[in-house]
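The values are calculated or read from the model by the stated rules, or taken from the named source; none is laboratory data. Not measured: the values here are computed from a predicted model. Here the Cβ positions follow ideal geometry from the backbone for every residue, glycine too, while neighbour counts run over all protein chains shown.
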Amino acid sequence: MKKLAVLGATGSIGAGTLKIVDRHPDLFTVTALSAWTRMEALAVLIAKYRPAIAVVGTAALSKKLIERLPSDLSVEVLHGIDGLCQAAVMTEVDQVVTAMVGAAGLQPTLAAIDAGKSIALANKETLVMAGEIVMARAKEKGVAIIPVDSEHSAIFQCLSAGRRRDLTKIILTASGGPFRNHPADEFARITVEDALAHPNWNMGAKITIDSATLMNKGLEVIEACRLFEVARQQIEVVVHPESIIHSMIAFKDGAVIGQMGLPDMRGAIAYALSAPERLDIAVPPPNFFDIKQLNFEPPDMAKFPCLGLAFEVLGLGGTAPAVLNAANEAAVYAFLKRTIAFTDIPGVVEAALADHAVCASPDLATIVAADQEARRFVQNRIAHQTR
């Protein structure tokens, strides 16, 4: 029986994880759950799964959660980053599913690694911000980091087909998002509702906006470089609108291995929980007679400059990826609040990068400081724009 800490339990990945638990109660049990703001949804999950620890974002929310829970439930309610770290290092936990969104995932992931916990990594920002530190720490502790992102799960699975030293290229596929065929001169009129209407995937708001700008693919490029220890020149992004091939790898003999499946995150989640075993999760294979054809095209870097910015910060290294991530996170939330336009997102991120003096070999404290600096810069810039 594998005991799980599901951090970010009310989001799309967290919900998918709990569906796997429900289908295989003989294999998994839930020991810790968290939700940053969705206290009421978390209360429902606590009543169902009866974890030992539950975590919310603030002390005020933790008080409300305690008041909402039945008196017969024995659960310790914690809050904040410290609470997430405590949940991640519980003696009873075997694997930590890092399904929270944004920079909040970094410290709990490192805490779990230090405690020797296996990581099912859905929080790509952890490796974007501090990938070199995280991967070095995982090697030192002998901890497995198994990706949950569909693209990185695909690569992880494909690598079993050959030797790592024979790998020449990673091919990340991208759906292209809702605006792949949208005229560039109409981007300024894109609304929040437009951007949240992803054609293939059901994801949280922040990740869906990132998919619309292609920043999500840029973050995945950085994550892939860190996770699989390849150079940026070995990463290629291919737009594949059907989202059937989740990613591919190429070997030095010209062989290309791809992982295929319906656009359903349960496959990647289940494999992260059970690898190398495969679970029956009631997801059928694609019906190729219905699909008929698969299409591929290069990404339009002019329409989607966020992807180009991600490749740029890989060249800069150091604190630049943390600044990219933080500035984008702040800009996306401003767009969701309708404070800035969709087309302002890449400009704000680029300005934050231009303002930042890159530290080439940062420690964790320097990375966190760069993250906070970038957020302040974006907030001040937006406040100045909207006066």
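If you go through region 320-340 and pick out every residue that is of a type in the set (Ser, Thr, Tyr) and under 19 Å from the mean Cα position of the chain (by Cα), you end up with 1. Contact annotation: residue pairs with Cβ atoms under 9 Å, 6 or more positions apart or on different chains, pairing a residue in region 303-321 that is surrounded by fewer than 23 Cβ atoms within 10 Å (Cβ to Cβ) with a partner that is of a type in the set (Lys, Arg) and not in a loop (DSSP other than H, G, I, E, B), are 311/232; 314/232; 315/232. When the helices (runs of 4 or more DSSP H) confined to region 195-307 are screened for residues that are touching a helix residue (DSSP H, G or I) at 6+ places or on another chain (Cβ under 6 Å), those reaching at least 2 such residues are found at 205-213, 215-228, 266-274. The single condition from (1) crowded, with 19+ Cβ neighbours inside 10 Å; (2) in contact (Cβ under 8 Å) with a residue 60 or more places away in the chain; (3) within 20 Å of residue 21 (Cβ to Cβ) that residue 92 fails is (1). The numbered conditions (1) buried (at least 24 other Cβ atoms within 10 Å of the Cβ); (2) outside the structural domain of residue 218 (by TED's automatic domain parsing) are all true for residue 154 except (2). The single residue among 256, 237 that is modelled with pLDDT of 95 or more, of a type in the set (A, V, I, L, M) and surrounded by 15 or more Cβ atoms within 10 Å (Cβ to Cβ) turns out to be 237.
Return yes or no: is residue 354 closer than 29 Å to residue 182 by Cβ and outside any loop (DSSP other than H, G, I, E, B)? It is true that residue 354 is closer than 29 Å to residue 182 by Cβ and outside any loop (DSSP other than H, G, I, E, B).
Could you count how many residues in region 16-38 are under 17 Å from residue 265 (Cα atoms) and either part of a strand (DSSP E or B) or in contact with a Leu (Cβ under 9 Å, 6 or more places away or on another chain) (or both)? Residues that pass the stated criteria total 6.
The number of residues in region 332-387 that are among the aliphatic types (A, V, I, L, M), crowded, with 18+ Cβ neighbours inside 10 Å and in contact with a Lys or Arg (Cβ under 9 Å, 6 or more places away or on another chain) comes to 3.
Residues of region 178-227 that are more than 23 Å from residue 10 (Cα to Cα) and in contact with a Ser or Thr (Cβ under 7 Å, 6 or more places away or on another chain): 187, 188. For region 217-234, residues that are surrounded by 19 or more Cβ atoms within 10 Å (Cβ to Cβ) and free of Cβ contacts under 8 Å to residues at least 12 places away in the same chain total 0.
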